[in-house]
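These notes concern the structure reproduced below.
The values are calculated or read from the model by the stated rules, or taken from the named source; none is laboratory data. The model shown is predicted, which means the values in this text are computed figures rather than measured ones. With ideal geometry, Cβ positions are generated from the backbone for all residues, glycine too; neighbour counts draw on all protein chains shown.
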């Protein structure tokens, strides 16, 4: 009985050392968190009739609610870059990025996140449908895809908005791929800002 007990204890100890050895000698890359900057939007002069308050809400299609930096591989396989993350899950990251970008335009009073309208606030509801790098079958750098679509409730009117950007990475390195994400996001947000201001202003003018 003692021999069996000693043997069991030795096996447990050996397995524990083996597991620790795998952790200590891991060849996984170190974890890096990458920041997504808001962009400064230039959307023309604001109306003299007062600035509307705007509420921003961003959701994602299935598969994109993650803090991983995603890559869509050949064969429609959705994967991620090891050791690389955004600061939070994409709905939170994009909500903050959209909100701060629109705030910088000077076309709105207060820009906040949420889903409920109070009074004459505007509501911008967006769905993130693409936010990944698209890898090629060769070793060529990937192209980053960003696609946002949704609706704007502009007080007495509504408008559909949609923006798509496709930006190639300059090199097949993580820093260049993240830079392509930033560039594509900037392009999409500039398009959304222009659509929001022009469509809502036009529809409100017609309603008046």
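Below, the figures for the structure above:
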| item | result |
| --- | --- |
| Pick from segment 137-154, criterion touching a strand residue (DSSP E or B) at 6+ places or on another chain (Cβ under 8 Å) and in a loop (DSSP other than H, G, I, E, B), ranking: farthest from residue 125 (Cα to Cα) | 141 |
| Residue in segment 81-125 that is farthest from the chain's Cα centre (by Cα), counting only those that are closer than 26 Å to residue 177 by Cβ, part of a loop (DSSP other than H, G, I, E, B) and touching a residue at least 40 places away in the same chain (Cβ under 8 Å) | 87 |
| Boolean, residue 128 is closer than 12 Å to residue 54 by Cα and in contact (Cβ under 8 Å) with a residue 60 or more places away in the chain | no |
| Selected residue [modelled with pLDDT under 90 and surrounded by 10 or more Cβ atoms within 10 Å (Cβ to Cβ)] from 16, 39, 25, 60 | 16 |
| Filter result for the condition that a residue is closer than 30 Å to residue 154 by Cα, in contact with a strand residue (DSSP E or B) (Cβ under 8 Å, 6 or more places away or on another chain) and either modelled with pLDDT of 90 or more or exposed (fewer than 10 other Cβ atoms within 10 Å of the Cβ) (or both), over 68, 99 | 99 |
| Output for segment 50-65, where each listed residue is touching a strand residue (DSSP E or B) at 6+ places or on another chain (Cβ under 6 Å), part of a loop (DSSP other than H, G, I, E, B) and closer than 13 Å to residue 131 by Cα | 61, 63, 64 |
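Every residue, every condition in (1) crowded, with 17+ Cβ neighbours inside 10 Å; (2) at pLDDT 95 or above; (3) on the phi < 0 side of the Ramachandran plot, yes or no:
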{"site": "127", "(1), (2), (3)": "yes, yes, yes"}
{"site": "156", "(1), (2), (3)": "no, no, yes"}
{"site": "163", "(1), (2), (3)": "yes, yes, yes"}
{"site": "166", "(1), (2), (3)": "no, yes, yes"}
{"site": "200", "(1), (2), (3)": "yes, no, yes"}
{"site": "208", "(1), (2), (3)": "no, no, yes"}
